[in-house]
Amino acid sequence: MELFLARIFDGLSNGSTYALIAMALVMIFKATTLINFAQGEFAMFGGFIVWVLATQQGIPMWGAVILGMLISAVAAAGIERTLIRPFDPADHLPLVIITLGLFLMINAIAGIVWRFDPQRFPELFPSGSVFSIGNASLSWYTVFTLITVAVVAGGLTLLLNKTKIGLAFRAVSSNLESSELVGIKVGPTLQFGWAIAAAVGTLGVCVFVAAPIRQLEPSVMVSGLIFAVSAAALGGLDSLGGSIIGGLAIGLVQSIAVPYLRIPNELSLGAAVVVLMLVLLFKPSGLFGTPQVERV
Amino acid sequence: MANSPRFEFTQGTAGYANYKWLGWGLFILLLVIVAFAFNDTGQITLLDNKYAIGLPRVTKAISFMIAILGLQVVAGFTGQLSLGQGFFFGTGAYLSSWLVADHNWAWFTSLLVVIPVCFLLGMAFGIPALRIRGLYLALVTLGLAAVFPSIVQLKVLEDQTAGAAGKLTDSDLVPPDWLPLDGAATGMQKIPLIGKFFGDGDLSGKEEQRIWTFFVMVVLAFICFKMVGNLVKSRPGRALRAVRDNETSAAVTGINLSFYKTMSFGVASALGGVGGMVYVAELGIASPGDFTQLISIFFIVGMVVGGVGTLSGAVVGGLVIAFIPAWASDTQNLPGIPERWLQGPTGPLIMGAMLIVLTFFLPGGIISGVRQIKAKFVRILPKMPALAGSTAGAGTPPPDETTVTPSDPSGDA
C-alpha cells in the first residue's frame, strides 16, 4: 500500500510535467493542426536560458523563470514569422520537415553551447514533504507541480476566453478561412499561439528538471516529447483540459502499470508509445477532443 | 558553353542508347576509381582539417542509400510519412549480425531471414497506418524508432544482442581467389601520371576485403534500386502515387488503400532491413547508440535533401548523411570561428540547417537542381508513339516497352 501510494505521488509529479509540455503542443495543434516536433527542444532551450539567468546572472529563481518564458516566447514568435508562416498551413509535409530541422538544430546548438554534461538545476519549490505515510511521502515538489499545472491551465483559459487576442485565437482554431474573411489577422494570431506554447513549454521543463532526481541536459526532452505527445493524443489533441488528464494518466501508467506488469523500466517509453498507438487506433480524437470530419 | 546548342536525344534511337551507355560507363569507371584510389582510408587536408574519404564510409553510404530508398517508397511515393525507418534498419542490422556471429551464417544468406522478418514487421506497423494518418503516423513511428535502443538492451535479449556494449561480428566478406584484385591494383599503379593515386605496392588482405565488400554492396544496391524502379513504374507504383496524391479519389477509382499502404510499409521496412545488413557487414558491430531516433530523422534529411520521390535522390541522400556529419566533426578549425564552436554536435546542426534551407529554396532537393542544370545541356525527347499502320522508326525498340521517364538511379552524366 505504501509503495502504491508512493508510486501514485511519483506518477502525479511526472504526469503534471508531461501535461505542461502537452498543453504547449495542444496550443499549436488547436490553431494549425500541426504537431511541432521541435516543441520539446524549444522548451529544453528555454530551460537552459533560465538556468543561465539564475546561476550565472544571479537573478532570483522565479524572476529567471518568468524572464526565460518571455525570451522563449519572443524567440518562438520570431521563428514562426520567418520559418513557418511562408508555407501554406494546409500542406503539412514542408512544415513537419521544418520542425524536424528545428529539432536537430536547436538540440545541436544547445549541445555546442552548453555541452552534454548534466547540470544541476536550482530549486524551484521548497524541499521536504507535506506528510508521509510509512515510506510514502507526498513531497512539496509534487504538490507544487500540480498547483503549477492548475495555474497555467487557469491562466490559459482566462487568456483565451477573456481577451481579444484569445477570442481571435479561438476563431482561427475553429475555422481558419472564415476567420480570415471576418478580418482577423491570421498570421499574428498563430504567432501568438506559438509564443504562448513556447512559454508554457519552458515552464514545463523548468518544473521537470527542478525535481531532485533530475538534471538539465540537452537531451532531456528527447523522450519527454514522446511522453507529452502520448499525453496530448490521449486527452485529445485539441483539448487543453484533456491534455492535463492525458498527462496525469500517462504519468500514472508510467509509475504504476509499468512496475506492476513487470515491464522493464527501460520500456516505459514503449508503454507510452503503445498507449499512443491504441488511442489513435480506437479513438483517434482522444478522450476529450473533437472528432475530425473529412470532407471530399 | 552555357548557350551552346544542347545535345538532343530521342528515346529509342541509337544516339540515345550511346548516351545511356556512356553515362553508365563513366559511372562504373568512377566506382572503380573510388574503390582502388580510396581503399586505404584517404584524407584530404583543407585549412588544417583532415577529411577522411575512405572506402568504408562509401560502403556505409550505400547502406543509408538502401534505407532511404525504402523511405522513398513509403513516404516519397505513397505519402505515408514514417519516422520509424531506423527501427527496421536496426532490426536488420541486429538480426543479420546475430545470424552471422552466433550461427555462422553467411552475410547474404542472412538476408533470407532479414527481408521476410522486416517485411512482416513493417506490414504489422503499417496496419495502424490504415487508420492513423499524416502527422499522427509520424508520431507513432517516431516513438517506435525511439524505443528501439531500449528494446535491444533488454535483459531478456542480452544473450542475443550483447546489450549496451554492441554486437560484434568478426566475419568479413572475403573476395574469391580467382578475382585478380591485386593484379588490377598493380595494373592501375602503372598508368602514367595518375598511377600514384592508386597507392603503391600490393593490396593487403584488409584492402582487398574492403574493395570486394564495396563492389558486392554496389551490386546489391543496384538490384534494390532496379526493383524499386520497376515497382514505381508499374501499375502498383501508379496506385501508390494515386494514394499519395489523393486518398479519397484513389479509393473511388478502385484502388485498395489498405493493401497498397501495408504493402508499401512492408517493402520500405524490408529495404530498411537490407540497409541494416549492409551497415553492420561493413562496420562489424551493431550498437544500440547507432539506432536511435536520430538515425530515423537523418534518413528523412537524406530523403529531403536528395529529393522526395526520386530514386537518384536516395543515392545523393545516402552520401550526404554518411559524409557531411562526419566531415563536420572532422572540421576542427575554421578561420574566424573560435575552436570551441566547432566541437560538439556540429553534424546535426548542419543537417538541420540543410533541411530548412532546402525546404525554402530547393523543395525538390539536390536532384531537382542537378536536373535543372542538366536540362541546359542535354534534352531527352520522348519516343514518338507508333502510329497505327505505320512502321516503327529507326532503332525498332521492343513494342511492348512503355517509356515513362528515364529512371536510372545513378545520375548519368
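Please state which one of B:Phe87, B:Phe119 is of a type in the set (Phe, Trp, Tyr), over 27 Å from B:Pro175 (Cα atoms), open to solvent by 60 Å² or more (accessible area, probe 1.4 Å) and modelled with pLDDT of 85 or more. Step through it out loud before you land on a result.
On the way: B:Phe87 fails: open to solvent by 60 Å² or more (accessible area, probe 1.4 Å).
None of the others qualify; the one that does is B:Phe119.
Taking the stretch A:238-279 only, how many residues are assigned to a loop (DSSP other than H, G, I, E, B), more than 21 Å from the chain's Cα centre (by Cα) and more than 14 Å from chain B (Cβ to nearest Cβ)? Lay out the reasoning, then the answer.
Quick first cut of the stretch A:238-279, residues assigned to a loop (DSSP other than H, G, I, E, B) only: A:238-239, A:261-264.
Among the residues that remain, those that are also more than 21 Å from the chain's Cα centre (by Cα) are: A:261-264.
The next check asks that each one be more than 14 Å from chain B (Cβ to nearest Cβ); those that pass are A:261.
Qualifying residue count for the region: 1.
Yes or no: the stretch A:280-292 includes at least one residue that is free of Cβ contacts under 8 Å to residues at least 60 places away in the same chain, outside any helix (DSSP H, G or I), of a type in the set (Lys, Arg) and within 11 Å of chain B (Cβ to nearest Cβ).
If we filter the stretch A:280-292 for residues that are free of Cβ contacts under 8 Å to residues at least 60 places away in the same chain, which is where we start, we get A:280-292.
In the following step, the residues that additionally are outside any helix (DSSP H, G or I) were identified as A:283-292.
Imposing the further condition that a residue be of a type in the set (Lys, Arg) reduces the set to A:283.
In the following step, the residues that additionally are within 11 Å of chain B (Cβ to nearest Cβ) were identified as A:283.
Looking for residues that are free of Cβ contacts under 8 Å to residues at least 60 places away in the same chain, outside any helix (DSSP H, G or I), of a type in the set (Lys, Arg) and within 11 Å of chain B (Cβ to nearest Cβ), one finds at least one in the stretch A:280-292, hence yes.
Quick one: which helices (runs of 4 or more DSSP H) lie wholly within the stretch B:50-148 and hold at least 2 residues that are over 19 Å from the mean Cα position of the chain (by Cα) and either on the phi > 0 side of the Ramachandran plot or of a type outside the set (Ser, Thr, Tyr) (or both)?
Values: elements: B:55-71, B:85-103, B:107-131.
It comes to B:85-103, B:107-131.
Based on what the data block shows, is B:Pro128 under 22 Å from A:Leu267 (Cα atoms), facing another protein chain (nearest Cβ under 10 Å) and out of contact with any Gly (no Cβ under 9 Å at 6 or more places or on another chain)?
On the way: under 22 Å from A:Leu267 (Cα atoms): yes; facing another protein chain (nearest Cβ under 10 Å): yes; out of contact with any Gly (no Cβ under 9 Å at 6 or more places or on another chain): yes.
Considered against the rule, which asks whether it is under 22 Å from A:Leu267 (Cα atoms), facing another protein chain (nearest Cβ under 10 Å) and out of contact with any Gly (no Cβ under 9 Å at 6 or more places or on another chain), B:Pro128 comes out as yes.
For the stretch B:122-138, give me each residue that is open to solvent by less than 10 Å² (accessible area, probe 1.4 Å) and in contact (Cβ under 8 Å) with a residue 40 or more places away in the chain.
Across the stretch B:122-138, the qualifying residues are B:Gly122, B:Gly126, B:Ala129, B:Leu137, B:Ala138.
Within the stretch A:115-131, can one find any residue that is within 11 Å of chain B (Cβ to nearest Cβ) and not small (Gly, Ala, Ser)? Give the derivation first.
First pass over the stretch A:115-131, keeping only residues within 11 Å of chain B (Cβ to nearest Cβ): A:115-116.
Within this subset, residues satisfying the condition of being not small (Gly, Ala, Ser) are A:115-116.
Within the stretch A:115-131 (the criterion being within 11 Å of chain B (Cβ to nearest Cβ) and not small (Gly, Ala, Ser)), the answer is yes, since at least one residue qualifies.
Residue by residue, here is whether (1) of a type in the set (Lys, Arg); (2) open to solvent by 10 Å² or more (accessible area, probe 1.4 Å); (3) part of a loop (DSSP other than H, G, I, E, B) holds:
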position: A:Trp62; (1), (2), (3): no, yes, no
position: A:Ile66; (1), (2), (3): no, yes, no
position: A:Ala75; (1), (2), (3): no, yes, no
position: A:Glu80; (1), (2), (3): no, no, no
position: A:Phe87; (1), (2), (3): no, yes, yes
position: A:Leu93; (1), (2), (3): no, yes, no
position: A:Leu104; (1), (2), (3): no, no, no
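In the stretch A:165-217, what residues are open to solvent by less than 20 Å² (accessible area, probe 1.4 Å) and of a type in the set (Ser, Thr, Tyr)?
Across the stretch A:165-217, the qualifying residues are A:Ser179, A:Thr189, A:Thr202.
Going by the structure shown, is A:Ala228 more than 9 Å from chain B (Cβ to nearest Cβ), buried (at least 23 other Cβ atoms within 10 Å of the Cβ), assigned to a helix (DSSP H, G or I) and not aromatic (Phe, Trp, Tyr)?
yes
Condition first: open to solvent by 10 Å² or more (accessible area, probe 1.4 Å) and more than 16 Å from A:Ile109 (Cβ to Cβ). Now tell me which residues in the stretch A:36-60 satisfy that.
Step one: list which residues in the stretch A:36-60 are open to solvent by 10 Å² or more (accessible area, probe 1.4 Å), which gives A:42, A:45, A:49, A:51-60.
Residues satisfying the conditions are A:Leu53, A:Ala54, A:Thr55, A:Gln56, A:Gln57, A:Gly58, A:Ile59, A:Pro60.
Quick check on A:Leu156: is it within 19 Å of the chain's Cα centre (by Cα), within 30 Å of A:Asp238 (Cα to Cα) and away from chain B (no Cβ under 14 Å)? Full working, then the answer.
Working: within 19 Å of the chain's Cα centre (by Cα): yes; within 30 Å of A:Asp238 (Cα to Cα): yes; away from chain B (no Cβ under 14 Å): yes.
When the stated conditions are applied, A:Leu156 passes them.
Yes or no: A:Phe208 among the aromatic types (Phe, Trp, Tyr) and more than 21 Å from A:Ala249 (Cα to Cα)? If you could, list the steps in order and put the result at the bottom.
Numbers: among the aromatic types (Phe, Trp, Tyr): yes; more than 21 Å from A:Ala249 (Cα to Cα): no.
Judged against the criteria, A:Phe208 is not a match.
Given the conditions (1) more than 7 Å from chain B (Cβ to nearest Cβ); (2) open to solvent by 30 Å² or more (accessible area, probe 1.4 Å); (3) touching a residue at least 60 places away in the same chain (Cβ under 8 Å); (4) under 25 Å from A:Gln57 (Cβ atoms), and given that A:Gly134 satisfies all but one, which numbered condition is not satisfied?
(4)
Take the stretch B:246-302 and flag every residue that is open to solvent by 10 Å² or more (accessible area, probe 1.4 Å), free of Cβ contacts under 8 Å to residues at least 60 places away in the same chain and of a type in the set (Val, Ile, Thr).
Those that are open to solvent by 10 Å² or more (accessible area, probe 1.4 Å), free of Cβ contacts under 8 Å to residues at least 60 places away in the same chain and of a type in the set (Val, Ile, Thr): B:Thr248, B:Val252, B:Thr253, B:Ile255.
Looking for something farther than 28 Å from A:Ile112 by Cβ, at pLDDT 85 or above and surrounded by 24 or more Cβ atoms within 10 Å (Cβ to Cβ) - is there at least one such residue anywhere in the stretch A:261-279? So that I can check it myself, show each step before the final result.
Filtering the stretch A:261-279 down to residues farther than 28 Å from A:Ile112 by Cβ leaves A:261-268, A:270-279.
This time we only want the ones that are at pLDDT 85 or above, so: none.
No; the residues of the stretch A:261-279 include none that is farther than 28 Å from A:Ile112 by Cβ, at pLDDT 85 or above and surrounded by 24 or more Cβ atoms within 10 Å (Cβ to Cβ).
For B:Ala242, all conditions in the list (1) over 17 Å from the mean Cα position of the chain (by Cα); (2) open to solvent by 50 Å² or more (accessible area, probe 1.4 Å) hold save one; what is the number of the exception?
(2)
Looking at (1) within 14 Å of chain A (Cβ to nearest Cβ); (2) open to solvent by 40 Å² or more (accessible area, probe 1.4 Å), which is the only condition B:Asp102 fails?
Only one criterion is unmet by B:Asp102, namely (1).
Which of the residues that make up the stretch A:246-260 are open to solvent by 20 Å² or more (accessible area, probe 1.4 Å) and more than 17 Å from A:Leu280 (Cβ to Cβ)? Give the derivation first.
First, pick out the residues of the stretch A:246-260 that are open to solvent by 20 Å² or more (accessible area, probe 1.4 Å): A:248-249, A:252-254, A:256-257, A:259-260.
Across the stretch A:246-260, the qualifying residues are A:Leu248, A:Leu252, A:Gln254, A:Ile256, A:Ala257, A:Pro259, A:Tyr260.
Using beta carbons and a limit of 7 Å, which pairs, at least six apart or on different chains, have the first residue in the stretch A:249-260 and hydroxyl-bearing (Ser, Thr, Tyr) and the second one in a helix (DSSP H, G or I)?
As it stands, the answer is A:Ser255/A:Arg7; A:Ser255/A:Asp10; A:Ser255/A:Gly11; A:Ser255/A:Asn14, since those pairs meet every condition given.
For A:Ala110, indicate whether it is crowded, with 18+ Cβ neighbours inside 10 Å and either within 14 Å of chain B (Cβ to nearest Cβ) or assigned to a loop (DSSP other than H, G, I, E, B) (or both). It would help to see each step written out before you state the result.
Numbers: crowded, with 18+ Cβ neighbours inside 10 Å: yes; either within 14 Å of chain B (Cβ to nearest Cβ) or assigned to a loop (DSSP other than H, G, I, E, B) (or both): yes.
Yes, satisfied.
Looking at B:Ile321, B:Ile337, can you tell me which residue is within 14 Å of chain A (Cβ to nearest Cβ) and closer than 13 Å to B:Ala61 by Cα? Give the steps one after another, and end with the answer.
Working: B:Ile337 fails: closer than 13 Å to B:Ala61 by Cα.
Being within 14 Å of chain A (Cβ to nearest Cβ) and closer than 13 Å to B:Ala61 by Cα holds for just one of B:Ile321, B:Ile337, which is B:Ile321.
Within the stretch B:152-165, how many residues turn out to be more than 7 Å from chain A (Cβ to nearest Cβ) and at pLDDT 75 or above? So that I can check it myself, show each step before the final result.
Of the residues in the stretch B:152-165, the ones more than 7 Å from chain A (Cβ to nearest Cβ) are B:152, B:156-165.
When the remaining residues are screened for being at pLDDT 75 or above, the result is B:152.
Total meeting the criteria: 1.
Determine which member of the set A:Leu34, A:Leu20 is within 14 Å of another protein chain (Cβ to nearest Cβ) and within 24 Å of A:Val172 (Cβ to Cβ). Give the steps one after another, and end with the answer.
Numbers: A:Leu20 fails: within 14 Å of another protein chain (Cβ to nearest Cβ).
None of the other options fit; the residue is A:Leu34.
Being under 23 Å from A:Thr82 (Cα atoms) and over 19 Å from the mean Cα position of the chain (by Cα) is the filter; apply it to the stretch B:359-382 and report the residue that is nearest to the other protein chains (Cβ to nearest Cβ).
The extreme case among them is B:Thr359.
The values are calculated or read from the model by the stated rules, or taken from the named source; none is laboratory data. Fair warning: this is a prediction, and the values are worked out from it, not measured in the lab. So basically every Cβ, Gly included, is an ideal-geometry build from the backbone, and we count neighbours across all protein chains shown. These accessible areas exclude ligands, DNA and RNA; they are computed on the full protein's heavy atoms, side chains included. Shrake-Rupley method; radii C 1.70, N 1.55, O 1.52, S 1.80 Å.
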